[in-house]
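The values are calculated or read from the model by the stated rules, or taken from the named source; none is laboratory data. Note that the structure is a prediction, hence the values are computed from the model and not measured. So basically every Cβ, Gly included, is an ideal-geometry build from the backbone, and we count neighbours across all protein chains shown.
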C-alpha cells in the first residue's frame with residue numbers, strides 16, 4: 001500500500017469508568033490504514049470494535065497511546081476541531097441508518113453539505129449524483145419510512161459521502177439487513193476504496209469481513 | 001435547513017403539537033388578559049377623571065368623591081379659599097342626596113359654580129341657560145327621564161321624603177354623566193335648591209372640584225402637575241380636616257383600591273408564565289429524548305453543537321410562535337367577553353372597563369411568553385448539544 005496514511009494508531013487504549021469500576025474497552029492497539037484500503041474489524045459484541053471506530057472517527061479520544069487521523073494527533077484536538085474534521089473528512093454509516101425521518105432521501109443527503117456550507121447548486125448536483133450512484137434516482141423525494149432497509153442504507157451511504165470524505169467509518173452496516181441486501185451494501189462500500197477512500201468497518205460477520213483488504217480479528221487480539 | 005428540520009420535527013407528532021399549542025395559547029391569552037385587567041381599570045379611571053376636566057378634588061377626610069355619605073360641613077370656607085388662590089380658574093361644589101317622585105327615587109346632585117364640566121348636555125340646555133320661573137330648573141339623565149316619563153320642558157314634582165311636601169321643577173335638559181352607574185337615575189339642580197330642600201345640609205358639600213388655570217392651553221387641558229400638587233398641598237395645609245387630591249394623588253389613591261385586582265392579575269400572570277416554562281421544557285425534553293439516536297448520529301457526522309442547539313431552540317420558537325398567534329386571538333376575544341360580563345355589574349359606572357383589548361398588552365404577553373419559552377428551551381437544547389455520542393449510539397443499538 002502506497003496511499004497516504006489516514007489512520008496511525010500506536011498502542012492506543014480506551015478505558016471507561018462504569019460506576020466504581022474501570023472497564024478497559026481497548027488495550028494497546030496498533031493499526032495503520034492508508035487511503036484506498038479497507039479494513040474490517042471482526043469480532044463478537046463487546047470486543048471493542050465500536051470503541052475503535054469511535055476513536056478512528058474522532059468521536060472519542062484514546063485514554064492511552066497515540067492516535068493520528070490525517071496526520072493530526074486526535075488528543076490535541078478540541079471538540080470543535082474534531083467535529084469539523086468529522087464533518088469534512090470522515091463519513092459515517094451506522095447499523096441503524098439514522099436517517100432523519102422528517103426529511104426526504106435527497107434532503108438527508110443534502111443535510112451534511114448544508115452544515116458544511118456547500119453552495120446550493122453544488123449540493124443539488126452532489127446529492128442527485130450520489131443517489132443516482134446508489135441506484136436511487138427514483139427515490140429522491142421519498143421519506144425513510146417509504147424505503148426498504150437496503151434503500152435506507154444506500155441513502156445513508158450517500159449521506160456519508162456527501163462532503164467527499166477521505167475516510168469512511170461503517171459500524172455493522174449490514175446488521176439490520178437480510179443477507180442478500182447486506183451483500184449488495186458491502187459491495188457498494190468496498191467499491192468506494194477505488195475512489196481512494198480509506199474504509200474501516202466493524203462487523204461480526206466473517207463473510208462481510210472477507211471482502212476487506214485486511215481483517216483484524218479482535219477476539220484473537222484480545223486473547 | 002435546521003429550521004426546516006425543526007418545523008418538521010414539531011409536525012412529527014401533530015396531536016402532541018396541537019395540545020402544546022393549545023396550552024401555550026391559553027397561557028398567552030391568560031397573561032395578556034391579566035395585563036389588560038391590571039391596566040384596564042387604571043386607564044378607565046384616568047379617562048373618566050380626565051373627561052370631567054378638573055385637576056384638584058377636595059373631599060371629606062379619608063374619602064374619595066362619593067365613596068361615602070360623608071360631607072364637607074363648611075364648604076363655603078373652601079370655595080372662599082379657592083377664590084383667593086391665584087392658580088384656580090373655577091371650582092364646582094357638589095352635594096349628593098336622594099329625592100323621591102311618586103314612583104321612584106332619584107340620586108340628586110346640587111351643583112354650585114361658575115361653569116361645570118361634570119356632565120354633558122345631550123338634549124335641551126344646561127341649568128343656567130334656561131330662564132327660571134318660580135320653579136327651579138333641573139337636568140336629568142336618560143334613566144331618570146325614562147323612569148319619570150318626562151322630556152325637556154316637562155314639569156316634575158319631587159319630595160325629600162315619602163311624607164314630605166312636593167316641590168315642582170322644570171326639566172330643561174337631558175345629560176350624560178361619566179360616573180353614572182348603569183341603572184342610576186340622576187338629577188342635577190342648583191345647589192341653593194338642594195340647600196332649600198335639605199336645610200340641615202346647608203353649606204355642606206360632598207366634594208369640591210377645582211379647575212386650575214392652564215396658560216396658553218385649551219381650557220379642557222390640565223395644568224402642570226407641579227401646579228396641581230402645589231394647590232393641593234396649599235389647600236391641605238389650610239384645611240387639615242379634609243383630603244385634597246391632585247390628579248396623580250387621586251390616581252394613586254384609586255390604585256390602592258385596585259391593589260386586589262393587581263395582585264390577582266400578578267398571581268395569574270406568574271402562573272401562566274410558569275405554565276409556559278414547564279410546558280416548553282417538558283415537550284422539548286421528551287422530543288429530544290425520543291431523538292437521542294438521531295442527534296448522536298448528527299453529532300458524530302460532525303454537526304456542531306450550535307447547530308443542534310439551534311434546532312431545538314427553533315422547535316421552541318415554532319411552538320411559541322404558533323401559541324402566540326392563537327393566544328393573541330384568544331386573549332383578544334376573551335378580554336371582550338370578560339369585560340362585558342364584569343361591566344354588567346350594577347355597582348360599576350357605565351363608562352368603566354376592566355379589560356381594554358390593546359395590541360400593546362398582547363405584544364407584552366407574547367414577549368414575556370417568548371422569553372419564558374426560550375429560557376425553558378435552553379436546558380433541553382444544551383442537553384441535546386452535549387449528548388454523549390458513543391454512549392448514546394451504543395445504547396441505541398443495544
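Here are the numbers for the structure shown:
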| quantity | calculated |
| --- | --- |
| Region A:144-165: number of residues that are in contact with a strand residue (DSSP E or B) (Cβ under 6 Å, 6 or more places away or on another chain) and either closer than 14 Å to residue A:197 by Cβ or away from chain B (no Cβ under 12 Å) (or both) | 4 |
| Selected residue (criterion: nearest to the chain's Cα centre (by Cα)) from residues of region A:110-143 that are part of a helix (DSSP H, G or I), within 11 Å of chain B (Cβ to nearest Cβ) and within 28 Å of residue A:200 (Cβ to Cβ) | A:112 |
| Filter result for residue B:209 (at pLDDT below 90 and not assigned by TED's automatic domain parsing to the domain that holds residue B:119) | no |
| Residue in region A:38-53 that is over 21 Å from residue B:300 (Cα atoms), part of a strand (DSSP E or B), at pLDDT below 95 and within 14 Å of another protein chain (Cβ to nearest Cβ) present | no |
| Qualifying residue in region A:89-103 (condition: farther than 30 Å from residue A:140 by Cβ and buried (at least 23 other Cβ atoms within 10 Å of the Cβ)) | no |
| Of the criteria (1) surrounded by 18 or more Cβ atoms within 10 Å (Cβ to Cβ); (2) touching a residue at least 60 places away in the same chain (Cβ under 8 Å); (3) farther than 30 Å from residue B:3 by Cβ, which one residue A:5 fails | (1) |
| Restricting region B:122-151 to residues that are modelled with pLDDT of 90 or more, in contact with a strand residue (DSSP E or B) (Cβ under 6 Å, 6 or more places away or on another chain) and surrounded by fewer than 17 Cβ atoms within 10 Å (Cβ to Cβ), the residue that is nearest to residue B:203 (Cα to Cα) | B:125 |
| Failed condition for residue B:383, given (1) surrounded by fewer than 20 Cβ atoms within 10 Å (Cβ to Cβ); (2) within 14 Å of chain A (Cβ to nearest Cβ); (3) touching a residue at least 60 places away in the same chain (Cβ under 8 Å); (4) closer than 30 Å to residue A:52 by Cβ | (2) |
| Flag if residue A:163 is farther than 27 Å from residue A:33 by Cα and buried (at least 20 other Cβ atoms within 10 Å of the Cβ) | no |
| Filter result (part of a helix (DSSP H, G or I), within 26 Å of residue B:12 (Cβ to Cβ) and more than 7 Å from chain B (Cβ to nearest Cβ)) within region A:72-109 | A:105, A:106, A:107, A:108, A:109 |
| Candidate set: region A:54-68, residues that are within 13 Å of chain B (Cβ to nearest Cβ) and touching a helix residue (DSSP H, G or I) at 6+ places or on another chain (Cβ under 8 Å); chosen: the one surrounded by the fewest Cβ atoms within 10 Å (Cβ to Cβ) | A:61 |
| Criterion (in contact with a strand residue (DSSP E or B) (Cβ under 8 Å, 6 or more places away or on another chain), within 30 Å of residue A:51 (Cβ to Cβ) and within 14 Å of chain A (Cβ to nearest Cβ)) met by exactly one of B:301, B:311 | B:301 |
| Selection status of residue A:181, farther than 15 Å from residue A:6 by Cα and free of Cβ contacts under 8 Å to residues at least 60 places away in the same chain | yes |
| Residue match in region A:202-219 (condition: in contact (Cβ under 8 Å) with a residue 40 or more places away in the chain, surrounded by 19 or more Cβ atoms within 10 Å (Cβ to Cβ) and within 14 Å of chain B (Cβ to nearest Cβ)) | yes |
| Qualifying residue in region B:171-190 (condition: without any contact (Cβ under 8 Å) to a residue 40 or more places away in the chain and either in a helix (DSSP H, G or I) or touching a strand residue (DSSP E or B) at 6+ places or on another chain (Cβ under 7 Å) (or both)) | no |
| Residue match in region B:316-336 (condition: buried (at least 24 other Cβ atoms within 10 Å of the Cβ) and within 11 Å of another protein chain (Cβ to nearest Cβ)) | no |
| All positions within region B:111-158 that are out of contact with any helix residue (DSSP H, G or I) (no Cβ under 9 Å at 6 or more places or on another chain), more than 16 Å from residue B:185 (Cα to Cα) and in a strand (DSSP E or B) | B:124, B:155 |
| Residue ranges of helices (runs of 4 or more DSSP H) in region B:1-90 with at least 1 members within 14 Å of chain A (Cβ to nearest Cβ) and at pLDDT 90 or above | B:2-12, B:14-52 |
| Out of B:108, B:6, sole residue that is under 30 Å from residue A:103 (Cα atoms), touching a helix residue (DSSP H, G or I) at 6+ places or on another chain (Cβ under 7 Å) and crowded, with 17+ Cβ neighbours inside 10 Å | B:6 |
